[in-house]
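Just below is one structure, and these are the notes that go with it.
Throughout, read-outs are computed from the coordinates displayed, never taken from laboratory work. Keep in mind that this is a model prediction, so the values were computed, not measured. For neighbour counting, all protein chains shown are included, and Cβ atoms are generated from backbone atoms with ideal geometry for every residue, glycine included.
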Amino acid sequence: MRLPAKWQAELQAGSAFGQRVQRAIDRGAGRRQVTARKLQRTRYGNKLADVIAKHTGEHVDCSGCDNEIGRLNGMTAEQIRADIENITTGILARGAVKARTWWQRWACTIAPELLRTRIADWIEESIAGPPVATEEPWGCDTRHLTFHVFPTKHQDSWKWNLRQLAARWRLFNGRKVMGLAIDSTKTCEAAEVIDYAASLGMQFDAVIERVNSRVLREVVTWRAMLEAIGITAMGPSDVVFSCHAKGVRHTVRENHIEAWARLMYRTCLDDWQTVEPLLLSHVFAGSFKRYDNFRTPGNHVWHYSGTFYWWRAAEVAKRNWQKIDNKFFGTESWPGHQAARDEAACLFLDDCGDLYDRQYWEAEVWRRWSESSWAAVAEPVCLIG
């Protein structure tokens with residue numbers, strides 16, 4: 001990992017900050033190296049959904065079930081049999097809450113062992129016979145980046161976002177594209193942003209500069225970044241992480257907006273061994289998945305609130321990737337035009353509420369975060385604060 005000159009000086013001086021940097025390096029050296037794996041989509045998840053519909057007359061229709069279908073689609077029959085207890089427990093738990101009729105919910109609660117046996121039989125039925133595999137395996141060998149910045153003069157959240165990204169820079173081994181929305185009176189110049197990124201050790205392969213639009217926001221650079229990343233020339237092992245400098249439009253840096261951004265950086269980028277399996281079995285993966293907001297024509301009515309997400313470039317390139325809502329939320333609604341709900345994994349807080357609501361953060365987000373495995377994942381020490 002290449003360290004900025006300022007950090008190297010702090011390391012040599014043995015300052016408190018330098019010691020924090022050294023601890024981060026030492027901890028990182030002990031981690032498992034990121035390795036991409038190949039995995040065929042077996043479609044066992046979809047087959048199980050069909051079997052359940054055949055026996056119950058009910059089609060699977062809940063976000064948690066969609067995620068499980070995607071996960072099972074990436075597993076072999078042997079892996080599913082080894083995990084059958086967890087799979088059946090999950091189906092029972094979701095059924096007790098999500099089943100459409102009172103008697104189905106009652107059965108999940110009162111007669112779980114009987115239903116557990118039936119579910120196990122349905123699972124065996126779904127994995128009987130040869131799997132229906134995709135034409136080619138998916139991998140995550142090459143990880144690209146698109147990053148949009150509106151570098152406002154009135155506060156420096158854009159610099160905070162760049163520091164967060166710099167801490168995770170080594171994860172990206174493909175093309176890195178930055179989009180800049182520039183306003184002659186409200187923003188810093190593009191050269192200042194590029195130089196600041198370089199001071200943190202980040203060199204972008206392409207920089208897309210556009211005049212800022214209050215109406216379109218991130219959309220002004222989106223299509224150009226997709227083209228610059230080479231969306232139509234990528235293979236099945238190319239994945240892209242897309243995000244933006246969040247919180248820059250507010251008058252001052254707001255704690256809960258910054259916390260929102262930090263949790264997205266952490267869940268999307270700090271534990272690749274958790275993210276990769278979900279991305280191998282889905283077209284999209286991101287945090288804070290929300291439903292029923294963007295009802296534009298052709299949208300599957302789901303999105304990642306906050307607009308931080310991974311996506312499989314070759315698969316999206318086969319679809320209507322040029323379909324971009326010509327509105328300020330266009331990059332946020334874009335995944336919903338490309339993939340159905342069950343093709344999008346949620347890394348943290350599925351079916352979330354309004355993340356601009358401070359009370360929701362206190363009542364729900366922080367509680368769910370403290371209960372999740374993500375709370376134990378180490379954040380890059382050198383950029384905390």
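How big is the dipole moment of the stretch 156-228 about its Cα centre under a simple scheme where the beta carbon of each Lys and Arg is +1, that of each Asp and Glu is -1, and everything else is neutral? Debye, nearest 20, please. The partial results should precede the final answer.
Values: 11 positive and 9 negative charges, 67 e Å.
The dipole magnitude comes to about 320 debye.
Which of 15, 305 comes first, and how do the rest follow, when ranked by fewest Cβ neighbours within 10 Å?
Fewest-to-most ranking of 15, 305: 15, 305.
Just order 77-87, 267-277, 322-332 by mean Cβ neighbour count inside 10 Å, highest at the front, would you?
Going from most to least packed, we get 267-277, 322-332, 77-87.
How do 369, 158, 310 rank when sorted from fewest to most other Cβ atoms within 10 Å of their own Cβ?
If I rank by nearby Cβ atoms, fewest first, I get 369, 158, 310.
Taking 7 Å along the Cα-to-C-beta vector as the label spot, tell me the residue 113-residue 318 distance in nanometres, rounded to one decimal.
Label at residue 113, label at residue 318, 4.6 nm between them.
Find how much the distance from residue 224 to residue 184 grows on full extension, using 0.36 nm per residue of separation minus their present alpha carbon separation; answer in nm with one decimal.
12.3 nm
Using the Cα centre of the stretch 142-383 as origin and beta-carbon charges of +1 (Lys, Arg) and -1 (Asp, Glu), tell me which of 296, 273, 377 is placed farthest towards the positive end of the dipole.
Result: 296, furthest along the dipole toward the positive end.
With a ≥ b ≥ c the root eigenvalues of the C-alpha gyration tensor of the stretch 142-383, is it rounded (a/c under 1.5), prolate (a/b larger than b/c) or oblate?
Details: a/c = 1.23, a/b = 1.07, b/c = 1.15.
Rounded shape, in that the Cα axes give a/c under 1.5.
In the stretch 142-383, what % of DSSP beta bridges are antiparallel (nearest 5)?
Taking every DSSP beta bridge within the stretch 142-383, about 35 percent pair in antiparallel fashion.
When we measure straight from the Cα of residue 246, which aspartates and glutamates land under 13 angstrom away, once same-chain ones fewer than 8 places off are left out?
156, 218, 254, 258, 332
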